[in-house]
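Q: Below you'll find the structure I mean.
Readers should treat all values here as calculations from the given coordinates under stated rules, not as data from a laboratory. Model, not experiment: these values are computed from the prediction. Here Cβ is always computed from backbone atoms with ideal geometry, including for glycine, and neighbour counts include all displayed protein chains.
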Amino acid sequence: MNVLVKISIVLLMGILGGRLAKVLHLPYVTGYLLGGLLIGPSFTNVITDTNIKVFSIVNEIALAAIAFNIGSEFLIEELMKVGKKIFIVTLAEVVGAVTIVFFTSYFLLHQPFELSIILASIAAATAPAATMMIIKQYNTSGPLTKTILPVVAIDDALCVMSFGIAMALAKISFGQGETSFLKMITLPFVEIFGSLILGFAIGFMLTFLANKTKTEDELLTFVLAFILAGGGLARVLHLSPILTCMMIGATLTNLMQNHRKVFHIIGKFTPPIYLFFFTLAGASLHLNSLGKLGLLGIGYILARSIGKIFGAGLGAKAMGYSNVIVKNLGFSLLPQAGVAIGLAMIAKQEVPQIGNTISTVILGGVFVFELVGPIMAKFALNRAGEIHQITETSQEVIS
C-alpha cells in the first residue's frame, strides 16, 4: 500500500479514536492510542513495524514541539519562587519509584541485582507528551497544572542520571571492568549540561531572529527550523533532544517580551502532528508483550505506580504544598513511553545478559501506562478542580 495512503489511514483512525474517546468521556490521547492499536501489528497490521520505523521522523518532530512547549513554563520569575520546592518534589517522586521498584524486584521477587537496579532507574521516566495533551484538551489551569509541567521536565533529567549510575553498577557487578564506572557516571551529566548549553545557544539565536520577523508565517518558519535544528543537533552530538528543545523554549520565554505569540502560532501548526504521533504510538504497541510480562512485569507496574504516587505526595507534603497537589500529583506522572523504551534498548545493547528481560518488562509496562496513564492524569486534574472546558485540540481542528 502507498505510504501516503497509510499516513491518511493513521490520521483518520486517530480522528475516529478521538471521537470514540469523547463519547466515552475519555482523554483524546487514549482514543488515539486505541485507534492506532487497531491498525497496528497487534490487530489488522495495516501499519507494519517497518512503516512505524519509516514514520519515526514524525515522532522526532512531535517530541521536539512538545518539549519546546514545556519549556515555556520555565519563567525565571516563577521558578525563583518555587524552584527549590519543585526540585525536591521531583526528586521525591523519582526516588519513590526507583526505591519501590528495586525493593519489589530484588527483595520480593528475588531477581538479580543488576536487573533490579536497571529496571528501577528506568521506572523514574515519565512521558511528558500524554500529560501535555490532557492539559491542552481540557484547558486545565491551577496549582496542580503549574506543578506538573516543571516536575515532568526535571524528571527526565534525573532519570537519565539515575540510569547512568545504575548501568555503571550493573557493569561492575557483571565484571565488565571498573574502567567503565567513571565514564558511565559522568556521561549523564555531560548529556544533561551539554543539552542545556546547546538549547540556550539555539534559543538565544531564535529569540534574536523572532524579534526581527514581520509576519506570522515567517515567525512560524523560523521557530520550526530552530526546533528541528535543536533536536537534530542533539542527536548528532549524542545529547538529549527533549532537554535541548525544552531549553530552547525556556530561553525564548525569558528573553522575548512577546513570547506568548510564538507559542500561540506553534499551537496552530502542531495538532495534526500530535494526533499522528499518538496514533502511531498506539500502532507500535504489541499485545503479545502483555502475555510475556509475568510476575516481574506486574510487580514493575504496581511498584512504579505506588512509588510515583506516594513519592510525589510525600515530597509535596514536605514542601508545604496544598492537599490538592499532595493527593493528585503522583497520578499525573504515570504515563511512560519514549524515554523508557530508549533506555531499555540501551540496556539491551550494553548488558545483553539481562537485556531481553528488561526490554520485555519495559515494553509491557509502556503498553499499560500509555493506555491507563492519561486516564489517571485526567482523574487527578478533575479531582483537583482544574478541568474547565474541552478546547479545540487536534480532534476538533481536523474534523
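Q: In the chain, with Lys and Arg counted as +1 and Asp and Glu as -1 at Cβ, which of these residues, 321, 278, 215, has the Cα nearest the positive end of the dipole, that is, farthest along it?
A: 321
Q: Mind scanning 85/317; 136/268; 136/214; 22/146 and naming the pairs with a C-alpha gap bigger than 18 Å? Could you put the intermediate results ahead of the total?
A: On the way: 85/317 10 Å; 136/268 12 Å; 136/214 28 Å; 22/146 25 Å.
The answer is 136/214; 22/146.
Q: Any chance you could run the full-extension gain for residue 85 through residue 165? It's 0.36 nm times the residue separation minus the Cα-Cα distance, nm to one decimal. Walk me through the intermediate numbers first.
A: Numbers: separation 80, 0.36 × 80 = 28.80 nm, distance 2.44 nm.
Fully extending the segment from residue 85 to residue 165 adds 26.4 nm.
Q: Using only helices, what value at 222 nm comes out for the chain when you add -39,500 (n - 2.57) per DSSP H run of length 4 or more and divide by the total residues, to the nearest 500 deg cm²/dmol?
A: Rounded to the nearest 500, it is -26000 deg cm²/dmol.
Q: Between 271, 112, 27, where does the largest GNM mean-square fluctuation fall for the chain, given springs only between Cα atoms within less than 10 Å?
A: Per the Cα network of the chain with a 10 Å cutoff, 112 tops the list.
Q: Among the helices of the chain (complete DSSP H runs), which have Cα atoms covering no less than 27 Å along the helix axis and a Kyte-Doolittle mean of at least 1.0?
A: Qualifying helices: 3-23, 76-102, 143-173, 179-210, 216-236, 294-318.
Q: For the chain, what percent of Cα pairs sit more than 39 Å apart? Walk me through the numbers on the way to the answer.
A: Numbers: 9958 of 79401 pairs.
Above the 39 Å cut-off, the chain has 13 percent of its Cα pairs.
Q: If the only charges are +1 at each Lys and Arg Cβ and -1 at each Asp and Glu Cβ, what is the size of the charge dipole of the chain around the Cα centre, to the nearest 20 debye? Mind showing how you got there, number by number?
A: Details: 25 positive and 19 negative charges, 95 e Å.
Computed about the Cα centre, the dipole is about 460 debye.
Q: Under a plain spin-label model, where a point goes 7 Å from the Cα along Cα-to-Cβ, how far apart in nm are residue 200 and residue 50?
A: 4.7 nm
Q: Counting only trypsin sites (Lys or Arg not before Pro) that are in a DSSP loop and have at most 11 other C-beta atoms within 10 Å, tell me the longest site-free stretch of the chain.
A: Details: sites that count: 212, 214.
Maximal segment without exposed cleavage sites: 1-211.
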